[in-house]
Amino acid sequence: MKFYSTKNNTAAYSLRDAVLKGLPDDKGLFMPASIPVLPAAFLERIHGSNLVEIALEVTSAFLKDDIQQDQIHRIVSEAINFEAPLVTLNERFSVLELFHGPTLAFKDFGARFMARLISHLIRDSKQKITILVATSGDTGSAVANGFYGVEGIDVVILYPSGMVSRLQEQQLTTLNGNITALEVQGTFDDCQRMVKEAFMDPDLRAGRNLTSANSINISRLIPQSFYYFHAYAQLDGSRPVVFSVPSGNFGNLTAGILAKRMGLPVKKFVASTNVNSIVPDYLKSGIFQPAPSVQTISNAMDVGNPSNFERMLHLYRRSADEMRKDISGYSFTDPQTREMMKKVYRDSGYILDPHGAVGVLGMEKYMSEYGNDAAGIVLETAHPAKFKEVVEDVLEIKIDLPEPLAAAAAGTKNAVLMKNDFTELKSFLM
Ligand SMILES: *Cc1c(COP(=O)(O)O)cnc(C)c1O
């Protein structure tokens, strides 16, 4: 499989280049040269398949020319060693729980797969690699966990000071070893900008083997398409499917579009955001206008310049009308999010995290506009305990910490404080 930049369709990159470089030189993003369509027979028997079988089929379709089947099997089965159950909330929609991995958010899918793929790609070389990653909360811990203790790899995480939940911060800053956490005095957008500048910087490029682990890395997108197929497999297939995706950087939704292009029958995607409504605004106006990010209780979606939007534009040939055929978008405030958490808890006893609640809001809004003849699936992107303070406050209950979170909570924070300034990051890395 060759990869090319969204900004230049001629230069082809190998899998190794695309994954290890993270970003092409021209500020575009890597895309596969073609999106493989899965065999019809696979979709027909999918209802009996489990998550790993589905993941193998999807991964082989992309990587079979680059990686031997037994290695693909190892990468997939080690990375995806947890479940993603579909839980029915009512007759209209269900919730796809993507938080059963070790760091309790869907980021484990991408990060664990990427870690094993990179280890495979560099296994014969002596070069040391530095993974640089900006996080709005959940990516950092998933990446740190995925690469923890891996020989030849250092991980440097940038997170916005005071803007991630306390438990998220504990998960980022207590591992140590080959993991370094940088506490940036700024927003997530600052962190993301500093990472991008690092990749463009000639001294750093020459001096350190930098790789990005953000969802701009193509190797995180491929595994995120697994669970769209897996969700569909858990339904009976009698109704068309609508996915509501709580979104920030739009990697998750882009992976859904990939799944659709691979052949998954999806009627519509709902782009559900908090007040950082850049993409819903684009779907209304046809104009993409990044803005400074606003802090909300669904902090992992506080993104003012969604980096995967470039891929979405590319996939819809830069046409808002084309995109509207597949995607509806809605944004919601924190008070609306709290109300929905309460309503769902009252009606069904189910505890949503704030991100999942934004997803449910999007699904409800979509169904109020387009009817509810479809089977709705809301992606529940994180375990509610990751947002313990908010959830306990809103629902007036006490929730227990699952074991991995309790361990992180008990650790000692170790982070390097840094201004939101690229030159500081550069001297740190040099
Ligand atoms: C990262 C994250 C999101 C947003 O996903 P994107 O791929 O950036 O759109 C939503 N919810 C949670 C809990 C997350 O960690």
Amide H neighbours of LEU158 at under 5 Å, excluding residues fewer than 5 places away on the same chain, with H built from the backbone geometry, are VAL133, ALA134, THR135, LEU182
Percent of accessible area on segment 1-145 owned by carbon and sulfur, 1.4 Å probe?
48
Karplus (6.51, -1.76, 1.60) ³J(HN,Hα), θ = phi - 60°, over segment 220-237, in Hz, Gly and Pro reported as x
8, 6, 4, x, 6, 7, 3, 7, 5, 5, 5, 4, 4, 4, 7, 9, 8, x
Taking a probe of 1.4 Å and leaving out DNA, RNA and ligands, segment 193-269 shows per residue an accessible area in Å² of 25
note: segment 245-299, Cα-Cα separations exceeding 18 Å make up a percent value of 39
With the 1.4 Å probe rolled over protein heavy atoms, segment 1-110 has an accessible area per residue in Å² of 43
Once amide H atoms are built 1.01 Å from N in the peptide plane, which residues 5 or more positions from LYS64, or in another chain, come under 5 Å H to H?
none
How charged is the neighbourhood of GLY146? Take every other residue with its Cβ under 11 Å from the Cβ of GLY146, and add Lys/Arg as +1 and Asp/Glu as -1.
+2
Just to check I understand the Karplus step: with θ = phi - 60° and J = 6.51 cos²θ - 1.76 cosθ + 1.60, what whole-Hz values come out for segment 384-399, glycine and proline as x?
x, 5, 5, 10, 3, 4, 5, 5, 5, 5, 6, 8, 6, 9, 10, 10
Under 5 Å between amide hydrogens, which residues at least 5 positions from SER94 or on another chain qualify, with H placed 1.01 Å from N in the peptide plane?
LEU89, GLY376, ILE377, VAL378
Once the convex hull of the C-alpha atoms of segment 183-273 is built, how many Å³ does it hold per residue, rounded to a whole number?
121
Setting aside same-chain residues fewer than 8 positions from LYS398, which aspartates and glutamates have a Cα under 14 Å from its Cα?
ASP353, GLU389
Evaluate the chain: find the radius of gyration of its Cα atoms, find its Kirkwood radius, and give the ratio Rg to Rh.
0.93
Along the Cα→Cβ direction, 7 angstrom out, place labels at THR88 and VAL37. What is the inter-label distance in nm?
3.3
Give me the accessible area per residue for segment 379-428, probe 1.4 Å, as a whole number in Å².
51
PHE428 accessible area, 1.4 Å probe, all protein chains in place, Å² to nearest 10:
80
Can I get the semi-axes of segment 52-194's equivalent ellipsoid? Compute them from the C-alpha gyration tensor as square roots of 5 times the eigenvalues, in angstrom, largest first.
26, 24, 12
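Compute the orientation-averaged projected area for segment 1-115 from the convex hull of its Cα atoms and round it to one decimal in nm². Write out the running numbers ahead of the final one.
Details: hull surface 36.9 nm².
One quarter of the hull surface, i.e. the mean projection, equals 9.2 nm².
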Which entries of LYS7/LYS325; LYS267/LYS365; LYS64/LYS267; LYS284/LYS325; LYS21/LYS126; LYS388/LYS419 show an alpha-carbon separation above 20 angstrom in the structure shown?
LYS7/LYS325; LYS64/LYS267; LYS388/LYS419
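How would THR273, THR174 line up by accessible area, probe 1.4 Å, largest first? Mind dumping the intermediate values first?
Numbers: THR273 0, THR174 35 Å².
The residues order as THR174, THR273, largest area first.
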Could you estimate the translational diffusion coefficient of segment 328-430 from the Stokes-Einstein equation, with Rh from the Kirkwood formula over C-alpha pairs, at 37 °C and 0.692 mPa s, in whole µm²/s?
199
Mind giving me the FRET efficiency for ASP17 and GLU403? R0 is 35 Å, r the Cβ-Cβ distance, nearest 0.05 is fine.
0.35
Residues in segment 134-160, backbone N under 18 Å from the label point at MET200 (7 Å along the Cα-to-beta-carbon vector): list them, ranges by number please.
134
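Counting other C-beta atoms within 10 Å, and keeping those with at most 11, which DSSP coil GluC sites (Glu not before Pro) do you find in segment 369-430? Write out the running numbers ahead of the final one.
Working: sites: GLU369, GLU380, GLU389, GLU392, GLU396, GLU424; in loops: GLU396.
The qualifying sites are GLU396.
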Quick one: compute a quarter of the convex hull surface over the Cα atoms of segment 305-361 and quote it in nm².
5.0
Could you pull out the trypsin sites (Lys or Arg not before Pro) across segment 108-175 that fall in loop regions by DSSP (anything but H, G, I, E, B) with no more than 15 other Cβ atoms inside 10 Å?
ARG123, LYS126, LYS128
What do you get for GluC sites (Glu not before Pro) in segment 1-106 restricted to DSSP loop and a cutoff of at most 14 other Cβ within 10 Å of the site's Cβ?
GLU83, GLU91
Tell me the Kirkwood hydrodynamic radius of segment 280-391 in angstroms, computed as one over the mean inverse distance between distinct C-alpha pairs.
15.5
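The values are calculated or read from the model by the stated rules, or taken from the named source; none is laboratory data. Quantities reported herein were computed from a predicted structural model and do not represent experimental measurements. A quick note on method: Cβ atoms are made from the backbone with ideal geometry, for glycine too, and the neighbour counts reach across all protein chains shown. The area values use the complete protein model at the heavy-atom level, side chains included, leaving out ligands, DNA and RNA. Shrake-Rupley method; radii C 1.70, N 1.55, O 1.52, S 1.80 Å.
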